[in-house]
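K.L.:
Right, I'll just put the structure down here and ask away after.
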Amino acid sequence: MFEGLTSRFEGILRRARSRGRLGPEEVDDLLREIRLALLEADVHLDVVGVFLERIRERALGAELSGVLNPGQQVVKVVLEELTLILGGETMKFTYAPKPPTVVLLAGLQGSGKTTTAAKLARWFKSSGRNPMLVGADLQRPAAVAQLETLGERIGIPVFSQPTDPVAVAVAGRAEAARLGRDVVIFDTAGRLAVDDELMEEVRGISEAVQPDHTLLVIDSMMGQDAVNVATAFHDRLSLDAVVLTKLDGDARGGAALSVREVVGCPIAFASTGEGLSDLDAFHPNRMASRILGMGDVETLIEQVETTYDREQAEDAAARMLEGRFTLDDFLEQVNQLRRMGPLSSVMKMVPGMSQQMAGVDEALDEGRIDRIEGIINSMTPAERIDPGLIDGSRRSRIAAGSGAQPSEITQLLRQFREMRKMMKKMGGSGSGGRSSKRRGKRRKGGRAAGAEPTGSDRPATKGLALPGLGDPAEAEEWILRGPGR
Amino acid sequence: MSLRSRLGRARNAFSAQVRGVRSVSTVDAATWDALEEALILADLGVSTTADVIAAVRRRADAEAGDEPDVVLDLLRAEVVERLGSHDRSLARGGDPSVWLFVGVNGVGKTTTVGKLGRMEVQAGTGVVLAAGDTFRAAAADQLALWGDEVGAAVVSGAEGADPSSVIFDAVEHAAAVGADLVLADTAGRVHTRGNLMDELSKVRRVAEKGSGTVTETLLVIDSTTGQNGLVQARRFTEAADVTGVVLTKLDGSARGGIVVAVQEELGIPVKMVGVGEGPDDLLAFDPVEFVDALFELDDDVEA
Ligand SMILES: Nc1nc2c(ncn2[C@@H]2O[C@H](COP(=O)(O)OP(=O)(O)OP(=O)(O)O)[C@@H](O)[C@H]2O)c(=O)[nH]1
Ligand SMILES: Nc1nc2c(ncn2[C@@H]2O[C@H](COP(=O)(O)OP(=O)(O)OP(=O)(O)O)[C@@H](O)[C@H]2O)c(=O)[nH]1
Ligand SMILES: [Mg+2]
Ligand SMILES: [Mg+2]
């Protein structure tokens, strides 16, 4: 199981420390670990090679500066270099002088094109534009119905007709002009990069509508093939930007690096869910630490925010990092985290936690949370604050009250103590991924447990201030000047 | 129809490594590196690749084989062996039997339900399709079109309805009309969403509340999936007792090598492969053909 670069480095650095310096040998060892980490994150083999060459030079050169220890320096170099590649030049989103501005989406089957088309339309609308959607996927069963349903949800017109994809595209563009819509977004059918006929078709669509922006929609779970796919689409369509989808999963997303490296155009958007508001600006720094498995405190805080109040979230995160929390907090956390998905995937966003969480996760597997709740509820308030009070007789009482075995209580307390210790350690060691920059409150759409009406993403909350989205003025600025500052 | 003939159109000169290996006179360190690269590029993953290569080297040493063809045969045999000799048939025996399709978003669940519907209808099975994706826009419309296409009845609920109850209704409907098999679609979900994984556990439970028995829970994995495929398999197995994998989109340039690790670690066999978007583009999984396609060991296929 992948454990993050930092923990992989530990053994090597211990050796280096005992020698007092980081020699070429250690750099080689570190590079080997980085190689493994990148491959496990699905970065393409050749891209890994190119990347390591760059790192080697900088890693050797980095020995001279003396603020960080050599291992930290290498980690820093890797992160910086990765962030640089992932970020680089950003998408220049300009509106066409003569409307409509044409946006074309393309990609493999099931990558998320139709959903992204609707998300973009929603975003343009909130930026004060009058977008229109065109369904040029006449291939997949009910593709147009899907787009129409989404369009209806966000109050944006959808154009399509059962002719052929190029004809629909042409007619759609004309219709947009006729209706005075100033942005027109084309959803196209999924196609394989190796399917010449369909690749020619999408080129035909592109030639017919002359897009101002052509976006490749790529699934973040993709493996080594991402390079072939991106290359093929770039060859035919000359891409302007990439949208990376399904980042709400836990794939490391090395495909992002592969794609960025081969097509050279920026990754403009990150898609993080099925709700139509789940479209974020792409953050190269977060993606870099995600690929390396180094944790991302900021994302953790944001996810906590979706269920918590922001203040509370920061407070909780701080307390977690400082190890200043009680069994009540613990229970509260567990219940909050349960809503976000497996505990391990959330906790892995905390730097240094990925390895430690391996054990804790088992201990806290979702099915056992109810039992834990029962045990904690059978404790007195004092016991919850100071579990040290719990001696043999208290333990028996709690066991009787909760119907648990005394050994389970012992085990829970041990795990709790372990976790608290671990968090304290992390808090003290200065969490590398934590940014001092604070963001506004933010809400994500998405499904509530079980039976929320289908797909209705939550209404746009006011004060949505993520750079790039929600606040149109800021959004445009981000698109023009780029994220990551 | 064989996988090989289906893939002819799509494969390109991707496995340069393997071809390079064939042209050397004796296998040396560089050759082993090339083989390792071929496995990584096919998404087998670093640790499976290392294991496979080490095992093949041991076998090659033992047999004193240093000719490329011998080594490639050993490699093929090794991976085929790792895929195991599982029973890959789809289990029946319920009254009706329920086959549940699960997986992350967009991998090809609904399409596979349609294709398998075609296969079963042609074989004379009474089939009901259950539109258990009540969440995604037009998911039920999509399945309804598949039902028309392949001539199977479709039971669906209102948008936003409880998927468990839709599938339950489909099972009862099948029982009432004497159909033998319910193919139950579910909404795509990323395994990081705990509540949605719980929902899936419930779907599986409720599907057996009435007359039916869930005899297969098929995890659909997209061939383009990288190392996350293994995590998907673990999580979905925990939530819904996966009994087999359907590997889709093998008609593209991706190799689907992650299923080797899935099968090895979790013992879940690949049962079917998807090779296109049409109703007949579904094949039974054959380990030998799969491995040949994985490394492009078959000359005819090369462009
Ligand atoms: N979890 C998650 N699901 C997503 C995301 N983006 C899209 N999806 C889901 O992925 C599935 C496929 O999305 P579509 O938008 O239909 O993909 P597509 O590329 O249009 O598919 P085709 O038209 O069949 O090629 C749907 O279930 C979407 O709800 C995302 O960021 N996260
Ligand atoms: N080339 C190819 N495309 C496929 C194959 N199987 C499915 N697809 C396509 O992949 C896309 C997604 O397929 P769906 O069946 O809608 O996937 P799903 O898993 O039901 O998606 P959600 O319900 O949105 O999670 C569609 O465009 C299908 O036509 C296959 O074997 N080969
Ligand atoms: Mg689509
Ligand atoms: Mg579906």
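K.L.:
Within chain B, which complete DSSP H helices have Cα atoms spanning at least 15 Å along the helix axis and a mean Kyte-Doolittle hydropathy of -1.0 or higher? Walk me through the numbers on the way to the answer.
P.N.:
Values: long enough: B:29-41 (18 Å, 0.85); B:46-62 (24 Å, 0.20); B:68-83 (22 Å, 0.58); B:109-122 (20 Å, -0.58); B:139-150 (17 Å, 0.16); B:163-177 (21 Å, 0.91); B:194-206 (18 Å, -0.52); B:228-240 (18 Å, -0.34).
Both cut-offs are met by B:29-41, B:46-62, B:68-83, B:109-122, B:139-150, B:163-177, B:194-206, B:228-240.
K.L.:
Based on the Cα coordinates of region A:101-294, what is the per residue volume of their convex hull in Å³?
P.N.:
Value for region A:101-294: 104 Å³ per residue.
K.L.:
Another question, then. Taking 45 Å as R0, compute the FRET efficiency from the Cβ-Cβ separation of A:K76 and B:R58 and round it to 0.05. Could you put the intermediate results ahead of the total?
P.N.:
Working: r = 40 Å, r/R0 = 0.90.
The computed FRET efficiency comes out at 0.65.
K.L.:
Among B:F285, A:F282, A:F186, which comes first, then next, by fewest other beta-carbon atoms within 10 Å?
P.N.:
By the 10 Å Cβ count, ascending, the order reads B:F285, A:F282, A:F186.
K.L.:
Suppose a student asked you for the relative contact order of chain B, using Cα pairs under 8 Å spaced at least 6 residues apart; what percent would you report?
P.N.:
26 percent
K.L.:
A follow-up question, please. Can you give me the distance in nm between label points at A:A400 and A:D370, each placed 7 Å from the Cα along the Cα-to-Cβ direction?
P.N.:
Taking the simple label geometry, A:A400 and A:D370 are separated by 2.5 nm.
K.L.:
Right, another one. Can you list the HN-Hα couplings for region A:32-37, worked out from phi with the Karplus curve (6.51, -1.76, 1.60; θ = phi - 60°), rounded to whole Hz and with x for Gly and Pro?
P.N.:
Once rounded to whole Hz, the list reads 5, 5, 5, 4, 4, 4.
K.L.:
With θ set to phi - 60°, apply the Karplus curve 6.51 cos²θ - 1.76 cosθ + 1.60 along region A:171-183 and write out the HN-Hα couplings as whole Hz, x wherever there is a Gly or Pro.
P.N.:
Once θ is set to phi - 60°, the couplings for region A:171-183 become 4, x, 5, 4, 4, 4, 5, 4, 7, x, 6, 9, 9 Hz.
K.L.:
Related question: How do B:T134, A:T101 line up, fewest other C-beta atoms within 10 Å first?
P.N.:
Lowest to highest Cβ neighbour count: A:T101, B:T134.
K.L.:
For A:D391 and A:A96 in one chain, what is 0.36 nm times their gap in residues minus the Cα-Cα distance, to one decimal in nm?
P.N.:
98.9 nm
K.L.:
Also, quick follow-up: Which entries of A:K76/B:K249; A:K125/B:K115; A:K119/B:K249; A:K76/A:K119 have Cα-Cα distances beyond 29 Å here?
P.N.:
The answer is A:K76/B:K249; A:K125/B:K115; A:K76/A:K119.
K.L.:
What list of ³J(HN,Hα) values in whole Hz, one per residue of region A:105-117 in order, does the Karplus curve 6.51 cos²θ - 1.76 cosθ + 1.60 (θ = phi - 60°) give from phi, with Gly and Pro shown as x?
P.N.:
Coupling constants for region A:105-117: 10, 9, x, 5, 4, x, 6, x, 4, 4, 4, 5, 4 Hz.
K.L.:
If amide H atoms are built 1.01 Å from N in the plane of the peptide, which residues on other chains or at least 5 residues away come under 5 Å of the amide H of B:L282?
P.N.:
Amide H to amide H, under 5 Å and 5 or more residues apart or across chains, B:L282 pairs with B:V275.
K.L.:
Work out the length of the dipole vector of chain B about its Cα centre, built from +1 on the beta-carbon of each Lys and Arg and -1 on the beta-carbon of each Asp and Glu, and round it to the nearest 20 debye.
P.N.:
660 debye
K.L.:
Taking amide hydrogens as modeled 1.01 Å from N in the peptide plane, which residues meet the under 5 Å criterion relative to B:V270, leaving out close sequence neighbours?
P.N.:
Counting only residues 5 or more places away or on other chains, the set is B:V245.
K.L.:
With r as the distance between the Cβ atoms of A:Q411 and A:L179 and R0 = 56 Å, compute the FRET efficiency 1/(1 + (r/R0)^6) and round to 0.05.
P.N.:
Approximately 0.30, to the nearest 0.05.
K.L.:
Here is a follow-up. Can you work out the FRET efficiency for the pair A:R32 and B:S85, with r the C-beta to C-beta distance and R0 = 35 Å, to the nearest 0.05?
P.N.:
Efficiency for this residue pair is about 0.45.
K.L.:
Counting only C-alpha contacts under 8 Å and six or more residues apart, can you give the relative contact order of region B:226-291 as a whole percent?
P.N.:
Worked out over region B:226-291, it gives 31 percent.
K.L.:
Each label point is 7 Å from the Cα along the Cα-to-Cβ direction; what then is the distance between the points at B:E238 and A:Q139, in nm?
P.N.:
3.7 nm
K.L.:
Let me ask something else about it. Taking amide H positions as placed 1.01 Å from N in the peptide plane, with prolines and chain starts having none, which residues 5 or more places from A:G273, or on another chain, fall under 5 Å of its amide H?
P.N.:
Amide H neighbours of A:G273, under 5 Å, 5+ apart: A:K246, A:L247, A:D248.
K.L.:
Right, another one. Per 0.36 nm of contour for each residue apart, how much would the distance between B:D95 and B:R22 grow if the chain were fully extended, relative to their Cα-Cα spacing?
P.N.:
Full-extension gain reported as 21.0 nm.
K.L.:
How much length would be gained if the chain were fully extended between A:T163 and A:K421, taking 0.36 nm per residue of separation minus their Cα-Cα distance, in nm to one decimal?
P.N.:
Full extension of this stretch gives 86.4 nm more.
K.L.:
Take every Cα pair under 8 Å in region B:97-248 that's 6+ residues apart, average their separations, divide by the length, and report that relative contact order as a whole percent.
P.N.:
Contact order relative to length: 34 percent.
K.L.:
Between B:K202 and A:E152, how many nm apart are label points set 7 Å from Cα along the C-beta direction?
P.N.:
Simple spin-label model gives 2.5 nm for this pair.
All of the numbers you see were taken from the coordinates with simple rules; none came from a lab. Bear in mind the structure is a predicted one, so any value in this text is a computation, not a measurement. Please note: Cβ atoms are built from the backbone with ideal geometry, for glycine as well, and neighbour counts cover all protein chains shown.
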